[in-house]
Amino acid sequence: MPIAMITGATSGFGRAAARRFAADGWSLILTGRRTERLEALKKELGDSVEVLALTLDVRDAQAVARAVDELPEAFRGVTCLVNNAGLALAPKPAQEVELADWHTMIDTNVTGLVNVTHAMLPLLIETGRGASIVNIGSVAGSWPYPGGHVYGATKAFVEQFGYNLRCDLKGTGVRVTDISPGMAETEFTLVRTKGDQGASDELYRGTTPLQAEDIAEQIFHVATLPPHININRMEVMPTRQTWSPFTIDRD
Ligand SMILES: NC(=O)C1=CN([C@@H]2O[C@H](COP(=O)(O)OP(=O)(O)OC[C@H]3O[C@@H](n4cnc5c(N)ncnc54)[C@H](OP(=O)(O)O)[C@@H]3O)[C@@H](O)[C@H]2O)C=CC1
Ligand SMILES: O=CCS(=O)(=O)O
């Protein structure tokens, strides 16, 4: 059976993707920082598919390299890497943000994604034709909005990094896709507001956001296309989310 490695599998898109790949019999390498959640997911899926749960902070380059180095033989033939672990913080004007929050977003969304990709490239190239890297970007990487500051910039990095990777991976058979979701109801806003459940509920109230399963389905779709097809970028919004007009500062 093919193997998918999913970062940030303890919640949201990552957990839904794990369930989606498992439904088609894929073996899974599931990572995240919250061990209990990883173990619960392993318990849920482990009867039907092979699951390796690895407690891992993607920001720790050495730990990431070691974990990949020490993958058991049965889990080394990875077909799909889903670079999903990430977060937004500080939904307020740039001039009011703590510098530490900017660093956390860069360390996770940029450095963490780069750490995992660097460690996994040899295994994906070894798999070759049909292998894929699915990076989770965001609409925030393309469309500016107030309070987007460093979060949007990290997702712009994810998109461009993926395109550049494609250039260097030419001839290896390894595909690279940026899936950029719009508003989706996960723990994302709870994390972004540092635990404000009311703010999270309010954001999703009275509209129809994407659900984690919607994005999981796209991830699975991209990873299981015939090997000669590479979707470069897929931007997915809820039907009830669109753009705002430019704003003007007036006297
Ligand atoms: N929800 C949305 O509206 C959108 C989200 N996205 C992106 O989708 C991705 C998944 O987010 P989503 O599912 O919504 O949010 P969740 O908060 O539900 O899930 C985030 C996942 O990332 C993991 N994670 C965060 N930091 C680290 C870290 N340092 N090391 C390892 N794992 C980490 C978390 O695991 P743990 O805490 O256990 O480590 C968790 O499993 C993110 O990259 C996010 O930016 C993009 C567009 C829209
Ligand atoms: O990446 C998340 C979606 S949004 O909050 O930037 O619209």
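The values are calculated or read from the model by the stated rules, or taken from the named source; none is laboratory data. Since we're looking at a predicted model, the values are computed, not measured. Please note: Cβ atoms are built from the backbone with ideal geometry, for glycine as well, and neighbour counts cover all protein chains shown.
Per-residue answers, yes or no, for (1) basic (K, R); (2) in contact (Cβ under 8 Å) with a residue 12 or more places away in the chain:
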site: A119; (1), (2): no, yes
site: G148; (1), (2): no, no
site: R166; (1), (2): yes, yes
site: G182; (1), (2): no, yes
site: E202; (1), (2): no, no
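For residues in the stretch 183-202 being among the acidic types (D, E) and assigned to a loop (DSSP other than H, G, I, E, B), which is nearest to T104 (Cα to Cα)?
E187
When the residues of the stretch 53-110 are narrowed to those that are of a type in the set (D, E, K, R) and part of a helix (DSSP H, G or I), which ends up farthest from ligand 1 (Cβ to nearest atom)?
Ranking the qualifying residues of the stretch 53-110, first place goes to E73.
In the stretch 120-143, what count of residues is obtained for those that are in a loop (DSSP other than H, G, I, E, B), within 11 Å of ligand 2 (Cβ to nearest atom) and in contact with a helix residue (DSSP H, G or I) (Cβ under 6 Å, 6 or more places away or on another chain)?
2
Do the conditions hold for T177, that is, is it more than 10 Å from ligand 2 (Cβ to nearest atom), under 26 Å from P226 (Cα atoms) and touching a residue at least 40 places away in the same chain (Cβ under 8 Å)?
yes
Is there a residue in the stretch 206-220 that is farther than 18 Å from N109 by Cα, free of Cβ contacts under 8 Å to residues at least 40 places away in the same chain, within 15 Å of ligand 2 (Cβ to nearest atom) and surrounded by fewer than 16 Cβ atoms within 10 Å (Cβ to Cβ)?
Yes, the conditions are met somewhere in the stretch 206-220.
Quick grid of which residues meet (1) modelled with pLDDT of 95 or more; (2) in contact with a Phe, Trp or Tyr (Cβ under 8 Å, 6 or more places away or on another chain); (3) over 29 Å from D196 (Cβ atoms):
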position	(1), (2), (3)
A65	yes, no, yes
E73	yes, no, yes
L81	yes, no, yes
G86	yes, no, no
A90	yes, yes, no
W102	yes, no, no
L121	yes, no, yes
W143	yes, yes, no
G148	yes, no, no
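Output the residue which, of all residues in the stretch 184-200 that are within 14 Å of ligand 2 (Cβ to nearest atom) and touching a residue at least 24 places away in the same chain (Cβ under 8 Å), is farthest from R15 (Cα to Cα).
The extreme case among them is T193.
Under the condition of being exposed (fewer than 15 other Cβ atoms within 10 Å of the Cβ) and without any contact (Cβ under 8 Å) to a residue 40 or more places away in the chain, which residue from the stretch 3-32 is nearest to Q218 (Cα to Cα)?
The selected residue is A23.
Considering only the stretch 231-251, how many residues are under 21 Å from R20 (Cβ atoms) and loosely packed, with under 15 Cβ neighbours inside 10 Å?
0
Please verify whether D168 is closer than 19 Å to I231 by Cα and surrounded by 23 or more Cβ atoms within 10 Å (Cβ to Cβ), treating the condition exactly as stated.
In short, no.
Go through the stretch 26-75 and give me each residue that's of a type in the set (S, T, Y) and under 20 Å from the mean Cα position of the chain (by Cα).
S27, T31, T35, T55
Check E187 against each of (1) near ligand 1 (Cβ under 10 Å from one of its atoms); (2) over 14 Å from the mean Cα position of the chain (by Cα); (3) of a type in the set (D, E, K, R) and name the one condition it does not meet.
Only one criterion is unmet by E187, namely (2).
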